Amino acid sequence: MKRFWLEKRTAGLEERLSFKVISYNILCPGENHAFSGKHSYCPDVHLLWSARLPKMLKELLSYKPDIICLQEVSSRVFSEDLKPFLSSKGFNGFYTQGLNTRHGIAQATFVRIEGIEVLQYEHKHLKNHFLSPTKGSQEFRNKISQVSQSVQLLRFSVRGSNAECILANVHLFYDPSFSDVKVYQALIVCQLTEQFANGCKNILMAGDFNSLPSCDYDGVPLAQANRGWGDPRDEQSGVYRIISKGSLERHHPHHPDSFKNRQPLPNVSSHATSFGPLLNPLGSFRNVYHEFYKRSENFYALVTTKTDSFAGLIDHIFFQGSITLQAVVAGVASADIDLIPNEYFPSDHISIGAEFSIL
């Protein structure tokens, strides 16, 4: 499927500098990922890294990106495959090995040297930055200790511009039964990004958030699903809400206080281990695809993954500040593609992208 850019040019911004950001979960090769058995519907020939890598690299370069955010990157893939090739194309790569994974799976970010100047780089392991280690149930704290996701943080400027921007390359935990943990991870990401930004207001968050825009009972325990809250799809998921709205009420089914409770909880609690309402220190963000597909039936029809067990829009690019959205790589509706990976889509995720302008 040929993807193209959907433009949203704004009058009077022709003189502003622009930059393009692409985000892509590349499905790490090996028996724990591509050949884990989760993609048995895909012929092995299309799961081989030797077959998938050239397709992904060709696709990435076709977008003419300035910044590439990748997820599910092993240390070997970064050092032996991605860095040598993209360096030859004028990109500089950033990677820090992940925690508690056999191959150090983490994120990698590449920037086009001629267009982007990186001023600062940090890599944070989320489990090392629990905001309130004494909060939540013992079960919740046990779950938190099991996960080892991270965030890459870059401070950069577009060459020719004095304005600085912050980029967070994000990958949250995948399991829908850990929806409360994903909310907490998202909050930690926002907290770390706010500290790293140190007053900078132009902030981008891109990556695999493993979270739908809408709240789906598929990942909610039966105790909650039976409590008669109405259609959960009328409400945003916990991760999406805390980023796009800037807060998460305690009674939300994905909130750490509320998860697995049979009855909605009051928004304020005096209990020592309760989190209470969660506030994003960065405030609210806009989603680039929601800006282009504002009719809900079009936005919610988009997917960034489609397997035999799940399909949905779980990869996102959020932004805030004085940067202006100019274009996005056209979204893909579930009805328009077969299960992925396949001959044409080399990962179990679909790449997403946006172009921004800045003074």
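The values are calculated or read from the model by the stated rules, or taken from the named source; none is laboratory data. Treat the numbers as computed from the prediction; the structure is a model and nothing was measured. Glycine gets a Cβ as well: all are built from the backbone with ideal geometry, and neighbour counts include every protein chain shown. Just the protein is used for accessible areas: all its heavy atoms, side chains included, with ligands, DNA and RNA removed. Shrake-Rupley method; radii C 1.70, N 1.55, O 1.52, S 1.80 Å.
Annotations for the structure displayed:
- Restricting attention to region 318-338, the residues that are assigned to a loop (DSSP other than H, G, I, E, B) and either in contact with a helix residue (DSSP H, G or I) (Cβ under 7 Å, 6 or more places away or on another chain) or farther than 20 Å from GLY207 by Cβ (or both) add up to 4.
- Long-range neighbours under 8 Å by Cβ, at least six apart or interchain, first residue of a type in the set (Val, Ile, Thr) within region 107-119, second buried (at least 16 other Cβ atoms within 10 Å of the Cβ) and not in a strand (DSSP E or B): VAL111/ASP66; ILE116/ASP66
- Across region 165-192, the number of residues qualifying as under 21 Å from GLY93 (Cβ atoms), of a type outside the set (A, V, I, L, M, F, W, C) and in contact with a Leu (Cβ under 8 Å, 6 or more places away or on another chain) comes to 1.
- Condition met for ASP315 (under 30 Å from PRO43 (Cα atoms), modelled with pLDDT of 90 or more, surrounded by 14 or more Cβ atoms within 10 Å (Cβ to Cβ) and charged (D, E, K, R)): yes
- Failed item in (1) under 18 Å from ALA168 (Cα atoms); (2) without any contact (Cβ under 8 Å) to a residue 40 or more places away in the chain; (3) basic (Lys, Arg), with ARG76 passing the rest: (1)
Yes/no per residue for (1) at pLDDT below 95; (2) open to solvent by 40 Å² or more (accessible area, probe 1.4 Å):
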{"position": "SER18", "(1), (2)": "no, yes"}
{"position": "CYS28", "(1), (2)": "yes, no"}
{"position": "ASN32", "(1), (2)": "yes, yes"}
{"position": "TYR41", "(1), (2)": "no, yes"}
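- If the condition is being assigned to a loop (DSSP other than H, G, I, E, B) and either open to solvent by less than 60 Å² (accessible area, probe 1.4 Å) or under 17 Å from LEU313 (Cβ atoms) (or both), then region 339-359 contributes LEU339, ILE340, PRO341, ASN342, PHE345, PRO346, SER347, ASP348, HIS349, ILE350, SER351.
- For LYS83, the criteria (1) within 28 Å of ILE358 (Cβ to Cβ); (2) buried (at least 20 other Cβ atoms within 10 Å of the Cβ); (3) not hydrophobic (A, V, I, L, M, F, W, C) hold in every case but one, which is (2).
- Test: residue in region 278-290 that is at pLDDT below 85 and either surrounded by fewer than 22 Cβ atoms within 10 Å (Cβ to Cβ) or in contact with a helix residue (DSSP H, G or I) (Cβ under 7 Å, 6 or more places away or on another chain) (or both): no
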